[in-house]
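First the structure, which I've put down as structure tokens, then a few questions once you've had a look.
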Amino acid sequence: MRHVGAGRLGLLLFLLAGCSTPATQETPATQETPAEAVAAAASKTAEAKTARVFFSTGQREAPKTKLATGRGVVDFSRQRVPGHG
Amino acid sequence: MANSGPPGRADLSGPVELLVDGRATYIKAPAGMPAPTPWFSISLEGGGGQSPLSDLPQIGSDPAAGLAYLRGVSDDVEEIGSDQVRGVATTHYRAVVNIGEVLAEAPPRDRDQLRHGLRMLGLEQLPMDVWLDAEGLLRRQVTAIDLSQSEFFADPGRPAAAQELVTTVEFYDFGTEVDITPPPADQVTKLEDMLNR
């Protein structure tokens, strides 16, 4: 049997304790910044796989013209959107 | 769909059914349109001048394409406040999209076409408002494209403010059942072929 000295045993216990401690207890929870939240929304929304969608395109200023509007469904790789414009 | 116009004239004021499947867009022929098949298609394949239609910017034809813009936001995103979108509590953010970042994140096969379309629109940055729910899902996205900066679409005779094109996209009922099947090939005519007839 190999012997582990006290100093090394202390180091080993420290490392084991660190490994077994959930990171959330060691590291303060970080608040997602607005930029991170917006960037992450792309993958989070795509992970939802499907959704209904409404869209509208037009000019903001006069003459206010609605060029296209529609609604449909989307699976984020293909979508069926009946609309008119 | 009823067609109140003269026989043989397409009723372009009514609803148009549009299906986007990857790089192909299918449009159901409006009532009265003298189309050889119920659907016609526009493909992004063969861009770079091989097809005049494939050179058109595809921005706006794909409501889900706006998700790509989210990955290109600059660091100075502003939190505007709380808001309701279709009865769902959301947080409203205002951001500027760095088009260079969007291009860098785009799949390589789409990059040239996207770059070409954005160049036609004269876009380098894009102001964008987004509303995210508590789970971080995109509920509403509003983008404003200033066409007065486009060498292709600018109208020097009109004030810049009147050339701002605003697009609103809202997503809701996430997880809803979706059945999307592109029309069979024998029901589709390429738009280029129709124009050459």
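The values are calculated or read from the model by the stated rules, or taken from the named source; none is laboratory data. In this text, all values refer to a predicted model and were calculated from it rather than measured experimentally. Positions of Cβ are backbone-derived with ideal geometry, glycine not excepted, and every protein chain shown enters the neighbour counts.
Mind counting the residues in region B:169-197 that are polar (S, T, N, Q) and crowded, with 17+ Cβ neighbours inside 10 Å? Give the derivation first.
Of all residues in region B:169-197, those polar (S, T, N, Q) come to B:176, B:181, B:187, B:189, B:196.
Next, only the ones that are crowded, with 17+ Cβ neighbours inside 10 Å stay: B:189.
Residues that pass the stated criteria total 1.
Filter the helices (runs of 4 or more DSSP H) completely within region A:5-70 down to those with at least 1 residues that are at pLDDT 85 or above and surrounded by 11 or more Cβ atoms within 10 Å (Cβ to Cβ). Give the derivation first.
Details: elements: A:6-20, A:23-26, A:34-47.
Passing ranges, in order: A:34-47.
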